[in-house]
1. Placing unit charges on C-beta atoms (Lys and Arg positive, Asp and Glu negative, everything else neutral), compute the dipole magnitude of the chain about its Cα centre in debye, rounded to 20.
2. Spin-label point model (7 Å from Cα, Cβ direction): what's the Val20 to Val45 distance in nm?
3. Taking 22 Å as R0, compute the FRET efficiency from the Cβ-Cβ separation of Gln58 and Val78 and round it to 0.05.
4. Of (1) 3, 15, 23, 22, 15, 11, 7, 3, 1, 0; (2) 2, 8, 9, 12, 12, 13, 9, 9, 12, 8, 5, 2, 0; (3) 3, 11, 14, 18, 13, 11, 9, 7, 5, 4, 3, 2, 0, which is the value of P(r) over Cα pairs in 5 Å bins from 0, in percent derived from the coordinates here?
5. Are there DSSP H segments in the chain that both extend 20 Å or more along their axis (alpha-carbon positions) and score a mean Kyte-Doolittle hydropathy of at least -1.0? List them, or say none.
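Coordinate-derived values only; no laboratory data. Quick caveat: nothing in here was measured; it's all calculated off a predicted structure. For neighbour counting, all protein chains shown are included, and Cβ atoms are generated from backbone atoms with ideal geometry for every residue, glycine included.
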Amino acid sequence: MDAVTTLGLTAATLTTCSFVPQLTKVWRTKSAEDLSYGMFTVLSVGIGLWLIYGLIRQDVPLIAANTITLALNIAILVLKVRYSR
């Protein structure tokens, strides 16, 4: 693995892991009241586009990071809908 791929995987890991505390907090508190639907929706679309870009370029760090990050964001959105009822 070359240095550029290592750099990409490190960046991908850090940015992807940044969503875990938010998901954990929403899950534990059963509240997502302060989270914006708009922000998470736009972010999810952007992540989806990055995923498509990564697939086209066959870039492993982009594909891995954006697949996991998109799943985390969708989980947060689902919990927001669920706990808003």
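1. Working: 7 positive and 4 negative charges, 92 e Å.
The calculation lands at about 440 debye.
2. 3.0 nm
3. FRET efficiency, Gln58 to Val78: 0.15.
4. Identified label for the calculated read-out: (1).
5. On the way: long enough: 3-17 (21 Å, 1.26); 37-57 (30 Å, 1.46); 60-84 (36 Å, 1.45).
Result, helices passing both filters: 3-17, 37-57, 60-84.
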